[in-house]
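The values are calculated or read from the model by the stated rules, or taken from the named source; none is laboratory data. Here the structure is a predicted model, which is why all the values come from computation and not from measurement. A quick note on method: Cβ atoms are made from the backbone with ideal geometry, for glycine too, and the neighbour counts reach across all protein chains shown. Areas reflect the complete protein model, heavy atoms only, side chains present, ligands, DNA and RNA absent. Shrake-Rupley method; radii C 1.70, N 1.55, O 1.52, S 1.80 Å.
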Amino acid sequence: MAKDVWSICFMCTVRCPILVKVVDDDVVWIQGNPHVPGLEGALCAKGSAGLALLHDQERPQYPMIRTGKRGAGQWRRASWDEALDYTAEKLKAVIAAHGPQSVVFGERANLNTHISKTFMKALGSPNHFTHDALCKGSVNTAFRSLTGYTDAEMGIDYANTRYIVLYGRNIFESLEIRPINNLLDAMEKGAKLVYVDPRVTITATKADRYLMIRPGTDLALNYALIHTILKEGLYDKDYVSRWVIGLEELKAFVEPYTPAWAAEETGLPAETIVQIAREAAAAKPQVVFHYGYRGAHHTNEIYFRRSIIILNALLGSIEAKGGLIIKKGPKAAGRGDIGKYVNQEFPKITAPRFDGSGGAVFPVADASHGNPQQLAKAILSQDPYPIKAAIFNRIEPLQSIADSNTMRKALDTLDLIVAIDVNFSEIAWFADVILPESMYLERADSIQLASGLKPQLFIRRQAVSPRYDTKPSWEILKKLADRLGIGSYLPYESIEDIWNFQLQDLGVSLTDFDAKGFVALSKDPILWDRKDGIKFKTDSGKIELVSPLLEKAGFPSFPPYQPPARPPEGRFRLLVGRCAAHTHCSTQNNLYLNELVPENELWIHPQAAAKLGVQDGAFVEVESAVGRGRLKAKVTEFIHPEAVFMLHGFGKTVPAQTRAYQKGASDAVLQENLSDMVGGSPAYEDTFITVRPAK
């Protein structure tokens, strides 16, 4: 029997709406939802490769309990009842001995995060964390320090922009289909794209102006842009007068940061910096200085991200057509809010977070995401208390947190590691129990609220029955909660119970999704009046250049610029990034995607390669202060001489992933575990490495 199923892709975190064609309980075709503007049926390579994941025999097929040494791949098959009973009894023992705070739960944020957060709150532990802080914690803090909103509450009106500046935001490779299509439409109408990156990417090739900047000096560029905009009076005076406070302090701060000064620091011509400032100002307010997707490069990351947002504020592009927009939710559309189990009353939790997020270590970081880069340190030091059990749901601490050798040692001291995963990830292979999750085509999940100019609801319906003995994570957590005596906090038995709970205050029924797979909560875009209607969440109701959030925590709003260290002779700054074929570290073993990009390479400039005797295509050995690796060299002039580059997520050590096993090198093994202690992000690109021909 044939049928069409509305769903949501989950081959990456963008979660594009999709239409799945099913015949006899098998998927025969996947495409983007044809009714979604900007998508119109399109799907990327990763989305198409969902078919390969569905039928992949190299993913966990049933619950497993470890029988040998951790990481040795010795397991016994278990029934679901046995695996869940085993996990629950282990958790009970840990909690009885060390308290509920000794249990941590890490995951890549997903549609069911309100359920996993509920699980941990009901358990009595403050220690739920997500991948978000690893990716963009400092972007989050930067936005809150200026506007009161998180980065997740902001969006970009690509379709109507006239001028856009991207700082390493490799939008045409680390792609989102709708933003790309909207940006291409804007460029066809005359919008200009400026791209800043030490590496020539696909996005660089599509830009009107590409700037190969010296690695780590983007902040200097921005201070010079701000200097020029203020010096020449190019800013939006009406907008700034109405919505921005702290302008005089900003003027005094950027006075010494001239384009000539920035030219020395960045390697970019001073006249080019002035031209960009003037061009952007001429397009205001339909201008975008892109605040970034991954904002986790350097220890001063927050001040770079703040400088980007300040540029937008000066040009009046926040809450502007063609600029940055504040996402609107159901309430802005006159609706009730979506139901979340995490909004219940819970027993009070008095223990601090293990990572110091929102506390002593990271006082202004967003504690709702945590700072998981502190996990190994907290486990090994037992400060502020012992951590003895960890549950990981589709997050990869052994490949997405820097210094994975230390992380592996720390995790090996735990009493219990549980992996809820679709793949044989590094952490699943290292776990004590694997509770295999159904992949997204085999399951339904919580309804997605997509806030924006037009808030919408999307639904992931189950397309086919599970190929193996797997379950959705919401069901796994419910069954585990029942065994731990906290099941009453998850009062559902089916996905329909969850959906009806979520929709009860929205005036929407499940049948409303039948026609197009989504429900719009507003007929027209909601853009607040720029004269009197913008609702900034700061205490002043304005954009606060001098930030009380930072200053009260003892952090200056405008610290003097500190130049990034130059790599010593014979060493290189390690840059990492992504490509169109892979999502983080989760798709390298996918049958289709592995064929497109089977391994990563080390990009190195020809001058440096010649000095080291490195040949294009030959293997090299790379080493940092914390780890080493081996991969092929790609000798190219398209990388700044001070840096080398590799794709993220390779260097797999799990034999069960035969296609990706030992292909390329892991960036997480090489990266030192440094952080922006103000904003909260890791500093993934403050590691220097050596390179030599492999023996």
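Data for the structure
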{"item": "Computed [θ] at 222 nm, helices only, for the chain once each DSSP H run of length n ≥ 4 contributes -39500 (n - 2.57)", "result": "-8000 deg cm²/dmol"}
{"item": "Selection from 239, 602, 80 lying farthest towards where the dipole of the chain points positive, charges on Cβ", "result": "602"}
{"item": "Gain in span if fully extended, residue 383 to residue 565, counting 0.36 nm per residue against the direct Cα distance", "result": "62.4 nm"}
{"item": "Relative pair counts by distance (%), Cα atoms of region 410-499, 10 Å bins", "result": "15, 35, 34, 14, 2"}
{"item": "Net dipole in debye of the chain [+1 Lys, Arg Cβ; -1 Asp, Glu Cβ; about Cα centre; nearest 20]", "result": "160"}
{"item": "Label point distance in nm, residue 659-residue 496, each placed 7 Å from Cα along Cα→Cβ", "result": "3.7"}
{"item": "For region 61-154, convex hull volume per residue from C-alpha positions, Å³", "result": "159"}
{"item": "The chain - share of DSSP beta bridges that are antiparallel (%, nearest 5)", "result": "50"}
{"item": "Of all DSSP beta bridges in region 558-695, antiparallel share, percent nearest 5", "result": "60"}
{"item": "Of 206/321; 231/321; 192/231; 388/632, pairs whose Cα-Cα distance is over 30 Å", "result": "388/632"}
{"item": "Lysines whose Cα lies under 29 Å from that of residue 21, excluding same-chain neighbours fewer than 8 positions away", "result": "3, 46, 454, 471, 516, 523"}
{"item": "More than 24 Å apart - percent of Cα-Cα pairs taken over region 592-695", "result": "27"}
{"item": "Where chymotrypsin sites (Phe, Trp or Tyr not before Pro) fall in DSSP loop in region 490-528, at most 15 other Cβ within 10 Å", "result": "528"}
{"item": "Among 586, 540, 481 the positive-end extreme of the charge dipole of region 452-604 (Cβ point charges)", "result": "540"}
{"item": "Cleavage-rule hits (trypsin sites (Lys or Arg not before Pro)) in region 493-565: DSSP loop, at most 14 neighbouring Cβ within 10 angstrom", "result": "523, 531, 535, 537"}
{"item": "Scattering curve values for region 117-262, log₁₀ I(q)/I(0), Debye with Cα scatterers, q = 0.10, 0.11, 0.12, 0.17 Å⁻¹", "result": "-0.50, -0.60, -0.70, -1.25"}
{"item": "Solvent-accessible area, 1.4 Å probe, carbon plus sulfur percent, for region 477-522", "result": "45"}
{"item": "Carbon/sulfur fraction of accessible area - region 333-425, other protein chains in place, 1.4 Å, %", "result": "47"}
{"item": "Directionally averaged shadow of region 510-581, computed from the convex hull of its alpha-carbon atoms, nm²", "result": "12.6"}
{"item": "Proximal aspartates and glutamates to residue 189, defined as alpha-carbon separation beneath 17 angstrom and excluding residues fewer than eight positions away on the same chain", "result": "157, 208, 279"}
{"item": "Solvent-accessible surface (1.4 angstrom probe) belonging to residue 16, in square angstrom, nearest 10", "result": "20"}
{"item": "Cα-centre dipole for region 433-490 with unit charges at Cβ (Lys and Arg positive, Asp and Glu negative), debye to 20", "result": "140"}
{"item": "DSSP bridge pairs, region 418-543: antiparallel proportion in percent, nearest 5", "result": "55"}
{"item": "Förster radius 35 Å - calculated FRET efficiency between residue 96 and residue 412, Cβ distance, rounded to 0.05", "result": "0.95"}
{"item": "Value of D in µm² per second that Stokes-Einstein yields for region 547-619, Kirkwood Rh from Cα pairs, at 20 °C (1.002 mPa s)", "result": "127"}
{"item": "Alpha-carbon centroids, region 413-450 and region 514-586: separation in whole Å", "result": "29"}
{"item": "Cubic angstrom per residue, convex hull over Cα atoms of the chain", "result": "148"}
{"item": "Over region 27-116, equivalent-ellipsoid semi-axes from the Cα gyration tensor in Å", "result": "37, 20, 11"}
{"item": "Estimated FRET transfer efficiency when R0 is 30 angstrom, pair residue 282-residue 529 (beta carbons, to 0.05)", "result": "0.80"}
{"item": "Efficiency of FRET from Cβ geometry, residue 348 and residue 537, R₀ 25 Å, rounded to 0.05", "result": "0.45"}
{"item": "Between region 253-291 and region 39-60, the Cα center-to-center distance that results, in Å", "result": "42"}
{"item": "Bins of 5 Å from zero: percent of alpha-carbon pairs in region 332-386", "result": "4, 16, 19, 18, 14, 12, 8, 5, 3, 1"}
{"item": "Extension gain from residue 505 to residue 251, taking 0.36 nm per residue of separation minus the Cα-Cα distance", "result": "86.7 nm"}
{"item": "Apportionment of accessible area to carbon and sulfur, region 229-298, percent (1.4 Å)", "result": "53"}
{"item": "Probe 1.4 Å, accessible area per residue of the chain, Å²", "result": "36"}
{"item": "Alpha-carbon spread of region 258-340, three principal axes, descending order, Å", "result": "54, 33, 15"}
{"item": "Separation in nanometres of the label points that stand 7 Å from Cα toward Cβ, at residue 184 and residue 625", "result": "4.4"}
{"item": "Most to least packed among 355-363, 483-491 [average Cβ atoms within 10 Å]", "result": "355-363, 483-491"}
{"item": "Region 473-549 - Kirkwood radius from inverse mean 1/r over Cα pairs (Å)", "result": "17.1"}
{"item": "Computed label-point distance, nm, for sites residue 580 and residue 65 using a 7 Å Cα→Cβ extension", "result": "4.8"}
